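The values are calculated or read from the model by the stated rules, or taken from the named source; none is laboratory data. None of the values given here were measured: they were computed from a predicted structure. Heads up, the Cβs are rebuilt from the backbone with ideal geometry, glycines too, and the neighbour counts pull from every protein chain shown.
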Amino acid sequence: MSLVYRIVQDPYDPIPDRYSPELSKLVESILTKDDSKRPTVNQILETPFLEKYMQQFIKEREAAAKKQRFENLASATAHMQQLTIPKVDPSKKLNQVKQKPKPREVKKQQLTAKEKILLRKEEERKKQFEIMSSAAKTATQNFSE
């Protein structure tokens, strides 16, 4: 109990001069013994001293997030290009290139439950690929502008 009494009653050491006057004033207001005179958290956050640093922090975080999004999209685009560009020997004639056989037309009613799930997943992958390709192209265009 004596520790609590000392915290509430005893004065604190002065704030060293190496800290700015704005920071010293803020710390002194936070350490005010009379709780009715002590600032609230919102009042502390609204001080010009903290607002300046919070705005700087937010700008830095937004810039870092934007850079990370661009890097992710660029990486995804490069990965997708590697997956989708077929390697063709230019010396061969176009009709000599082996073509994938066209999938046979099968009615969905003839598919098993497992085949229906696989078909749905493949359709979802194609949609996601189209969305990611479009987003990556837009992002690289916006970033280069």
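You will find that of 9, 43, the residue that is at pLDDT below 90, out of contact with any Asp or Glu (no Cβ under 7 Å at 6 or more places or on another chain) and on the phi < 0 side of the Ramachandran plot is 9 and no other. Please enumerate the residues belonging to segment 110-145 that are loosely packed, with under 12 Cβ neighbours inside 10 Å and at pLDDT below 80. Within segment 110-145, 110, 138, 141, 142, 144, 145 meet the criteria.
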